[in-house]
1. Condition check: out of contact with any strand residue (DSSP E or B) (no Cβ under 9 Å at 6 or more places or on another chain), at pLDDT below 90 and either surrounded by 24 or more Cβ atoms within 10 Å (Cβ to Cβ) or at negative phi (or both). Does residue 71 satisfy that?
2. Identify, from the list 138, 165, the residue that is modelled with pLDDT of 90 or more, buried (at least 24 other Cβ atoms within 10 Å of the Cβ), at negative phi and touching a helix residue (DSSP H, G or I) at 6+ places or on another chain (Cβ under 7 Å).
3. Is it true that residue 279 is assigned to a helix (DSSP H, G or I), more than 30 Å from residue 404 (Cα to Cα) and in contact (Cβ under 8 Å) with a residue 24 or more places away in the chain?
4. Given the condition closer than 27 Å to residue 176 by Cβ and modelled with pLDDT of 85 or more, answer yes or no: does some residue in the range 334-343 qualify?
5. Can you confirm whether residue 52 is at pLDDT 80 or above, under 21 Å from residue 248 (Cα atoms), buried (at least 24 other Cβ atoms within 10 Å of the Cβ) and under 18 Å from the mean Cα position of the chain (by Cα)?
6. Give the residues of the range 365-392 that are outside any helix (DSSP H, G or I), crowded, with 17+ Cβ neighbours inside 10 Å and over 24 Å from the mean Cα position of the chain (by Cα), sorted by residue number.
7. Starting from the range 486-499, take each residue that is on the phi < 0 side of the Ramachandran plot and surrounded by 15 or more Cβ atoms within 10 Å (Cβ to Cβ) and list its partners that are modelled with pLDDT under 85 and not in a loop (DSSP other than H, G, I, E, B), counting only C-beta distances under 6 angstrom and pairs at least six apart or across chains.
8. Only one residue in 298, 329 is over 18 Å from the mean Cα position of the chain (by Cα), modelled with pLDDT under 90 and either farther than 21 Å from residue 430 by Cβ or crowded, with 23+ Cβ neighbours inside 10 Å (or both), so which one is that?
């Protein structure tokens, strides 16, 4: 945290109700406590955060089954990938900014703003009349979704000590996973039974209810001894602009590569090179105190091998998890010839396995305090599961794909809540928000790769195998980056010749096999990376300045006690 300003600057700006205060010379950093408070308010906040988390996780998977239907309704061809990528780009590119602003303005105000932006973007997405409008609206939605995801995780870190975070994060992730499980099912149901617009409209009432609940229950401390002008001056605008530009170039390359242009095209290569150069410049800018006195990406976050290794594992885990989220429905629709609704039901084994093993991973971390062996064990069933996915084709039994999904979900669930504590273990508690922001960025960046790379592989493979289709007109629809949008039961039903239909299904099946082979290249390295982690003792004491506020404190609600200055308030309980 930067140095505190003089008392003459304190209390000038009236803050939102629900944000408590404590003086500059009293911080909880030195008040280690063997236990942490678990009053009814703690559980009310945890429940509210969990329900709010449903918003972004449902949104992250609900379009997996509805995307082909949306593309068919609005057109757009290869630009349909931007329906997903625009959301991820906006949510990921602003994560460092959200993390820094939550330190400056408080967790509560930023989370409320994020939910409001998300609801606005959802309404605009549902009312879109063109692909361009939908992509723009999804960008707005992503701006809110990224903040929601990050700040929920940050608040949980503020409420419980490091040793317990895996356990309580698994509770929040249980609701998030439930949302991810409901997403494909709801997407398929909406796509087959009503208009696709309800894929987005459904977030409006849910988001509105979450906004009200957060306003009343999310009452947290934060330092408010600066004016708004002083706070705004602390924001790393230049660094974040460099980061956003770099991410935009990189996502553009990942979206267009293999679809609009070949991977060897100068347009793709230039965009990728500019993206990586931008990230390099951003890193140098952030690590130079002269340019960034309060960086959104401090060098100390990755200056130790444990945090660095855990961040790499996070990227790999996120990539392969979203890989399965987005392409299992494609297998069921394009290879098994299932409806969007049926494919949503068929993916339930993945989520049914993730929930209990996410809880188990958090409990084991809390009991043992050891994350390294859990990380290693987690990548084993995932790698085996993806290898088995590559054996699936149009003749595979239901028992096969159910068991393979359950096996893969063992590792995906176990790792879900225990990677962030490993990142934070070697760091100081003052770095919670920044470390969580970087971890969320890496996870979101992995999700982008987990959506775009398999789509590119699928399109490229389908183009290669399109020669197997005897009908030239049908074969053309599988070439030139159009296979992904054609991978639906609706498209298969337009093929009247059974022989041609069987040929198309075979093309899809062989393309899917390659998709899973490539996925192994992201899963297997996880076993090696875990060996670079170092076991660090997980702190059992809660040390934070952003804990639950004391409702008895009048200043927490914008009031002052007679004869007491606004900044002369207690340290948090």
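1. So residue 71 fits the description; yes.
2. Just one listed residue meets the conditions, 138.
3. Yes: the conditions hold for residue 279.
4. For the range 334-343, residues closer than 27 Å to residue 176 by Cβ and modelled with pLDDT of 85 or more: present.
5. Here the answer is no, as residue 52 does not meet what is asked.
6. 369, 390, 392
7. Final answer for the pair search is 488/68.
8. 329
The values are calculated or read from the model by the stated rules, or taken from the named source; none is laboratory data. Everything numeric here is computed off the predicted structure, so don't read it as measured data. When we count neighbours, we look across all protein chains shown, and the Cβ atoms used for this are built from the backbone with ideal geometry, even at glycine.
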